[in-house]
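Everything below concerns the one structure shown next.
The values are calculated or read from the model by the stated rules, or taken from the named source; none is laboratory data. Here the structure is a predicted model, which means the values were calculated and not measured. Glycine also receives a Cβ, built like all others from the backbone with ideal geometry; neighbour counts cover every protein chain displayed. Heads up: the accessible areas ignore ligands, DNA and RNA and are worked out on the full protein's heavy atoms, side chains in. Shrake-Rupley method; radii C 1.70, N 1.55, O 1.52, S 1.80 Å.
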Amino acid sequence: MNVFLWNIILALAWALLTGHFTVNNFTAGFVLGYLVLWVVLSGEAKSSYFKKISLVIRFAFFYIWNLILASLKIAYDVITPRHRMKSGVIAIPLDAKSDLEITVLANLITITPGTLSLDVSTDRRVLYIHAMYIDDKEELIQEIKTELEKRVLEMLR
Amino acid sequence: MIEIIVTILLISGAAFMLLAAIGITRMPDLFTRMQAATKAAALGASFIFCAVAFFFSELGVTTRAAATIIFIFLTAPVAAHMLGRAAYLLGVPKWEGTVTDELRDRYNLEKGTLSSKSIDSIKKIPVYKQP
Amino acid sequence: MNIAEFTLLSKGLTVTIALLMAALFLAFIRLIKGPTLPDRIVALDLIATLIMGFIAIYAIGTNKPVYLDVSIAIALTSFIGTVAFARYLERGTKND
């Protein structure tokens, strides 16, 4: 089921990139996507996909709003002559376990202005991030864990 | 109406990109430069592509613009992450205003592992030299 | 649809190109100044994104959406380039 969905997504991406929404083009994308999945996939993934769509949409709006706020904060620091920032590398304990969860979380942290994920420890318990505003370390960690990680895990589990 | 939307999107997108460029020249060390450059530039590019989608308002163009925005937001963090990690391993000098560095001394460069607790690594991160 | 019909938009395009040129200039300063190789790579990445913006604006100015394909290609190659540079830098740390 889930593999079928991925196949549809790949076919859609093909149709998007070539820019022709004809049946022939979509079929060509479907066949190509089938070949790609046949090469890439191993093991099986999970289903229960459709009830999570509302979660994803709400998260998208929340995240875009956060993105713009954080950009303005950095913009202020870039334009004004003094640097108010306190940068540093901090460790965030991870609740996310699988490859997918950690990847999505790390990418979302990187896209948020002000934080940049650097590396994951080999035992996958800690994510090291570079942050620009470490006014209170515990507060920053709590913020990332409750606002980002909890929502990501809700969506992916 | 569309003209106003497109103009606003274009100018704000270009302003974000200029902000990224100012950030890259003004920020004190590599990591803060990356923070300023990659995200603001990605945001600015997506604003400009939104403007393109509004201006042409054809299905083919809109889907291509959307695909480009999605692609930018998928690849920008991956590139930033890889570059940041490589730069940290190279020992690129950090700003003197850096408060904490919890990643220090946790790499074991011989085995290529990264501990979650502080250890005495066999090899310290070297001082940066031009490769 | 012709660009000459839009007076506000053609002024907006001029402003946008001026802003992007300033950004390109600043990115070039960082590219030349360095001081380390990763700094230069970040500057190159930024320049690639700026050029994508230029091409998108050019597509609006000439009213030819075909140019968008060029900026998609630049997005792809600049990503591959940055990743390749990062791999190269990291290999340097593991071998010595």
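Does C:I32 satisfy the criteria of being assigned to a helix (DSSP H, G or I) and open to solvent by less than 60 Å² (accessible area, probe 1.4 Å)?
Taking the combined requirement at face value, the residue does not satisfy it.
What is the residue count in segment A:104-117 for residues that are over 12 Å from the mean Cα position of the chain (by Cα) and under 14 Å from A:L94 (Cα atoms)? Give the steps one after another, and end with the answer.
Initial filter on segment A:104-117 (over 12 Å from the mean Cα position of the chain (by Cα)): A:113-116.
With the extra rule that they be under 14 Å from A:L94 (Cα atoms), the set shrinks to none.
The number of residues fulfilling the criteria is 0.
Identify, from the list C:I74, C:I51, C:I60, the residue that is open to solvent by less than 30 Å² (accessible area, probe 1.4 Å), touching a helix residue (DSSP H, G or I) at 6+ places or on another chain (Cβ under 8 Å) and either within 24 Å of B:R85 (Cβ to Cβ) or part of a helix (DSSP H, G or I) (or both).
Selected residue: C:I60, the only one of C:I74, C:I51, C:I60 that is open to solvent by less than 30 Å² (accessible area, probe 1.4 Å), touching a helix residue (DSSP H, G or I) at 6+ places or on another chain (Cβ under 8 Å) and either within 24 Å of B:R85 (Cβ to Cβ) or part of a helix (DSSP H, G or I) (or both).
How many of the residues in segment B:45-71 are in contact with a Leu (Cβ under 9 Å, 6 or more places away or on another chain), more than 7 Å from chain A (Cβ to nearest Cβ) and β-branched (V, I, T)?
Selection size over segment B:45-71: 5.
Can you give me the number of residues within segment B:24-45 that are open to solvent by less than 10 Å² (accessible area, probe 1.4 Å) and not aliphatic (A, V, I, L, M)?
Result for segment B:24-45: 5.
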